Amino acid sequence: MQRKVKLILSVLVLSIPLVILNNLGVFDRFVPEEPQNSEKQGPVSLPVVKEVQMKYGLPVDSFELIDNVIDNGESFSNILLNFGIDYAMIHRIATEFKDVFDVRNLRIGKDYTIFAENSDSVKVARYMVYKPSAIDYVVFDLRDTGNVYLGEEEVRIKEKSISGVINSSLYEGLLEQGGSPALAVELSKVYAWTIDFFRIQPGDYFKLIYEEKFIQDTISVGMGRILAADFHHNGRSFYSFWYDNDTTYRDYFDEEGRSLRKAFLKAPLDFFRISSRFNPRRFHPVLKRVKPHLGTDYAAPHGTPIMSTADGEVIAAAYTRGNGNYVKVRHNSTYTTQYLHMSKFAKGIKKGSRVRQGDIIGYVGSTGLATGPHVCYRFWVNGSQVDPLRQDLPEAEPITEDYIESYRSFMNPLKDRIDALELPLEEPEDPKVRLASLHS
Ligand SMILES: [Zn+2]
């Protein structure tokens, strides 16, 4: 009953000759064969091949397609009753195929398509395809005794590049050049250990080669991986290359084979504003007296995920009047970190839990002594509290001598491609030109 269509083609597969793929039935479009008689003179008339258009594995040409969105108050039965389907069929689909897809799970705002035939000038649905996500779909076969099965759109990965000068923020710089918010998040993760994105300098720029996922060839359904990047910051290029050699490495490295990953994340959140720095002589805004601030406050909206900045063991997940809900993580004999004022803990976080770097341990709140939603991040080195922003923290292992040559031969062509990307020209803004035009 359940047919799961899963055709994920990588860029590599696309280089296989079309004929082979065609024989495998991968393409729904048929490539005409070369004419057999090579001695033919004059214009060769190729056989006319009609393209069989398929959508969701169904032949499009045989039906009238009606695209729609699940409306408020609409149900599976009232959609199909409008398309000539009787209660018996609706009931059978809703009960017999409940394990494949429960029709009560249709959600407002999701797309569906009716494959209809005209019968006595009435449109009669033969199939209904419901799309719970960009990639997944559910086919309701309304012919004969009915059937329901799940499918996935064929996802193709394309390599894309983007570059730009950063005038205000990296986020806006990427968006200006047509990048997506997801790309900005990915880039900030690649450089989470290296660059403080809130200290962007004039003249900083970025160049990226990344993967984007497409369905039906043109509809973008999200980001793949960033394959290579140059983040030019403060007059220096910070390169990163995704290296996966199937055995030892699966990570980002720079042009020398050094890891971009450090033992600690720069911050326990992705996007934030530092609202109060480590300060042993700070005036406390709630207590109205000088009280040392032995942490760094990161302001962020209520509910923002808080990550453990390194691997370790949770040694406390508790509540006190001052700290509110807090988590304390012991990383090794040297380092311990603590995260205060959480609205709640992440699922499974309790004393004794093991966490990996970047794991979500809780969510931003303002429990305990806090004036607004933020996380107070505290950092211990050998038992004393220090300012993590002033620590020279250890880096992860670089690529070893055994592998460095194969890394270089992988990385160098990528680096050449990144270096060859041109920066878009900025709009010329010469004040003299503007004044001249005003005075003429
Ligand atoms: Zn604090």
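Could you please rank M89, M128, M54, placing first whichever residue has the fewest other Cβ atoms within 10 Å of its Cβ?
Neighbour counts put them in this order, fewest first: M54, M89, M128.
The stretch between V60 and I219, if pulled fully straight at 0.36 nm per residue, gains 55.4 nm over its current Cα-Cα span. Spin-label model, F271 to K189: label points 7 Å out along the Cα-to-beta-carbon direction sit 1.5 nm apart.
For a test of understanding, tell me how many lysine pairs in the range 273-390 have Cα atoms under 16 Å apart, given they are 8 or more places apart or on different chains.
Final tally of qualifying lysine pairs is 4.
Of the listed pairs K160/K415; K160/K213; K189/K266; K158/K213; K98/K123, which have alpha-carbon separations greater than 18 Å here?
Violating the 18 Å limit, Cα to Cα: K98/K123.
Simple spin-label estimate for R236 and D99 gives 6.1 nm between the two label positions (7 Å along the Cα-to-Cβ direction from each Cα). Look at the Cα gyration tensor of the range 273-390: its axes a ≥ b ≥ c give a/c of at least 1.5 with a/b at or below b/c, and that counts as oblate.
Since every read-out is calculated from the coordinates, none of them should be taken as a lab result. Model, not experiment: these values are computed from the prediction. In this analysis, Cβ positions are derived from the backbone assuming ideal geometry, glycine residues included, and neighbour counts consider all displayed protein chains.
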